[in-house]
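As structure tokens, the structure follows; a few thoughts come after it.
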Amino acid sequence: INIRAVLFLEKILSWLWHKIYDGVELHHFNRIETLSREHQIVYVPSHQSHIDYLVLSHVLFDKGLALPHVAAGINLNIPVAGPLLRRCGAFFLRRSFKGNVLYGAVFEAYMGYLASKGTAVEYFVEGGRSRTGRRLKANPGLLAMSVRSYLRDHKRSVVFVPINFAYEKLIEGETYISELSGKAKKAESMMGMLRSLKALKQHFGQVHVNFGSPIVLNDLLDAQSPEWRREPISSMQDMVPTVVENLGRQIMSGINQATHVNAVALLAMALLNTPKQAMAEDDLQQQISLYLRLLEVVPYSKDVSYTELDAQGVIAYGEEFGIIQRNEHRLGDIISVEPHQAVLMTYFRNNILHLFTLPSFIACAFLSNSSLEKKQVTHWFKLVYPFLKAELSLYWSMRQLSNVAEKVLSCLIDHGLVEQDGEKLSLISQEVVQMSTLSKAILLSL
């Protein structure tokens, strides 16, 4: 890392963030300040945009912490940008090491060297950027290198920190739509960088960076083999795949636990779950109020954060931001998604789907049955939970499900959507529309 290059890029990024964003908000950052004193930190963020690693490095530098060395795809090693990124901490790697044993060995030795020095490292376990907003599965490659390096030299403990980025608008949004429509991904180039400068004319809202609960590698190794410190390195290689698999699952689950729910995601969740992406304003307010109430009363995890706006404020923000439009009507205004924004907004809905998995499932159950008992609802959810957990990187254990389901049902009762008569629960008929909208979040997964 070259400090002159870092200071140069810091000035550029400070100007850029003020130009296109309304601010970069941090959540649970105090964890990092504490951990950095005693551990080697491996930052493992969600990967949604090329902006991810720039934002994180800028935030850490601004807060006075050491810059991490960032594993970047070799496709970013382009003229001008590549050498600058390298001097600011990036090291470039091929997408695949297959067929080149020497390349993999040298790269692993370099990872081990960084670990032995206690140098902070950052890499994206998903590999590429998510084009849909849903989390990808963790790739084992770099995780395995980190685990093997630590087994060889474990003088300084290693902590993995999941990080979730929440954007209100993506710089690559239009590109993602093109790729999902079947167009080939364009390789990064200087001309592409220059063309992207037109984005400076746009407004991208806020960026939220949420630091999740740290994952201590020692704890995973102890769970796998309590005597691992006394065993020779050669005998520990068999446990590496299992540790890496568990580590990958915990990281993706940790990223989801550190979700930030912004106004754009709430509007997308409500409006895209309706047939015409439109709702009466009063209905939309009620739906968003329900989501906010669930986030408050039955939080998915202690690391989840969400907007401080109320339902009315969320709608006003969406209008100002230009993602929804108001159609006046004598019986009440209709709020709908701007036509060119509908596809892009699915990305932000997918970012928070996992938070409403259980409430949505319960809504499905009541729409299909006139009355139910709490035990029946919980039993049904337990039947499908292993599949949902694998697909959406959910973190609850089977033992926790009954307690969480109880809280969700109590919230729906308090909110006036479900009524209780002894052991029986039934849907209040006039609230079918609200429950139907809530149920849509999980239908595709089911």
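The values are calculated or read from the model by the stated rules, or taken from the named source; none is laboratory data. Only a predicted model underlies this, so the values are computations on that prediction, with no experimental measurement involved. As a convention, Cβ positions derive from the backbone with ideal geometry for all residues, glycine included, and neighbour counts pool all protein chains shown. Ligands, DNA and RNA are excluded from the accessible area calculation, which covers all protein heavy atoms including side chains. Shrake-Rupley method; radii C 1.70, N 1.55, O 1.52, S 1.80 Å.
Using only alpha carbon pairs under 8 Å that are at least six residues apart, calculate the relative contact order of the chain and give it in whole percent.
On the way: 644 pairs, mean separation 75.4, N = 446.
Relative contact order of the chain: 17 percent.
What size of dipole, in debye to the nearest 20, comes out for region 30-113 about its Cα centre when the only charges are +1 on Lys and Arg C-beta atoms and -1 on Asp and Glu C-beta atoms?
On the way: 8 positive and 5 negative charges, 46 e Å.
For region 30-113, the charge dipole is close to 220 debye.
Sort all Cα-Cα distances of region 364-420 into consecutive 10 angstrom bins from zero, then give the percent of pairs in each bin up to the one containing the longest distance.
Reading the bins upward from 0: 20, 53, 26, 1.
Let me check I've understood the local charge: for Ala5, count other residues with C-beta under 9 angstrom from its C-beta, Lys and Arg +1, Asp and Glu -1. What total comes out?
Details: positive: Arg4, Arg86, Arg87; negative: none.
Counting the neighbours of Ala5, the net charge comes to +3.
Could you tell me the extents of region 6-53's C-alpha atoms along the three principal axes, largest first, rounded to whole Å?
That works out to 36, 25, 18 Å along the principal axes.
With each label point set 7 Å from Cα along the Cα-Cβ vector, what nm distance links Thr132 and Ile1?
The two pseudo-label positions are separated by 3.6 nm.
Does region 286-358 classify as rounded, prolate or oblate by the C-alpha gyration tensor (a ≥ b ≥ c root eigenvalues; a/c under 1.5 gives rounded; else a/b over b/c gives prolate, otherwise oblate)? Mind dumping the intermediate values first?
Numbers: a/c = 2.25, a/b = 1.58, b/c = 1.42.
Here region 286-358 falls in the prolate category.
Considering region 331-446, what Rg and Dmax in Å follow from its alpha-carbon atoms?
That works out to 15.5, 49 Å for Rg and Dmax.
Among residues other than Ser149 whose Cβ falls under 15 Å from its Cβ, what is the net charge (Lys/Arg +1, Asp/Glu -1)? Intermediate results must be reported in sequence, preceding the final value.
Values: positive: Lys117, Arg148, Arg152, Lys155, Arg156; negative: Glu108, Asp153.
Local charge sum for Ser149: +3.
For Ser157 and Glu320, what is the calculated FRET efficiency with R₀ set at 35 Å and r taken between the beta-carbons, to the nearest 0.05?
Details: r = 47 Å, r/R0 = 1.33.
My answer for the efficiency is 0.15.
How high is the FRET efficiency from Ser96 to His18, r the C-beta distance, R0 30 Å, rounded to 0.05? Before the final figure, lay out the partial values.
Values: r = 39 Å, r/R0 = 1.29.
Result of the calculation: an efficiency of 0.20.
Please list, by residue number, every one of the GluC sites (Glu not before Pro) in region 380-434 that is coil in DSSP and has at most 15 other beta-carbon atoms within 10 Å.
Numbers: sites: Glu391, Glu406, Glu419, Glu423, Glu431; in loops: Glu423.
Here the GluC sites (Glu not before Pro) that fit, given the DSSP loop and packing criteria, are Glu423.
Let me make sure I get this right: for region 103-184, a, b and c are the square roots of the gyration tensor eigenvalues over alpha carbons, sorted descending. Under 1.5 in a/c it's rounded, otherwise prolate if a/b > b/c, else oblate. Which is it? Working shown, then result.
Values: a/c = 3.21, a/b = 2.19, b/c = 1.46.
Since a/c reaches 1.5 and a/b is larger than b/c, the shape of region 103-184 is classed as prolate.
Got a sec? What order do Thr34, Thr346 fall in by accessible area at 1.4 Å, biggest, i.e. largest, first?
On the way: Thr34 80, Thr346 45 Å².
Result of the area sort, largest leading: Thr34, Thr346.
Please calculate the 1.4 Å probe accessible area of Arg249, with all protein chains present, and give it to the nearest 10 Å².
In the full protein context, Arg249 sits at about 130 Å².
Explain nothing, just compute: Karplus ³J(HN,Hα) = 6.51 cos²θ - 1.76 cosθ + 1.60, θ = phi - 60°, for every residue of region 116-131 in order, whole Hz, x for Gly and Pro.
5, 8, x, 6, 5, 10, 9, 8, 9, 5, 6, x, x, 6, 6, 8
Tabulate in residue order the Karplus-calculated ³J(HN,Hα) for region 247-260, using 6.51 cos²θ - 1.76 cosθ + 1.60 with θ = phi - 60°, rounded to whole Hz; enter x for Gly and Pro.
Whole-Hz 3J(HN,Hα) from phi for region 247-260: 4, x, 4, 5, 5, 5, 5, x, 4, 5, 5, 9, 5, 10.
So, counting K/R as plus one and D/E as minus one, what does the shell of residues with Cβ under 15 Å around Lys374 add up to?
Working: positive: Lys375, Lys382, Lys407, Lys424; negative: Glu373, Glu406, Asp414, Glu419, Asp421, Glu423.
My count for the surroundings of Lys374 gives -2.
In nm, what is the difference between 0.36 nm times the number of residues separating Leu401 and Val80 and their Cα-Cα distance? Write out the running numbers ahead of the final one.
Numbers: separation 321, 0.36 × 321 = 115.56 nm, distance 5.21 nm.
Roughly 110.3 nm would be gained on extension.
Just want the answer: with Cβ charges of +1 for Lys and Arg and -1 for Asp and Glu, which residue in Ala311, Leu331, Met252 is farthest toward the dipole's positive end in region 241-337?
So the residue we want is Met252.
With Kirkwood radius over Cα pairs in Å as the read-out, I listed (i) 25.0; (ii) 24.5; (iii) 23.6; which label goes with the value calculated from this structure?
Read-out from the structure maps to (iii).
Taking every DSSP beta bridge with both residues inside the chain, roughly what % is antiparallel (nearest 5)?
Details: 21 of 42 bridges.
The antiparallel fraction comes to roughly 50 percent.
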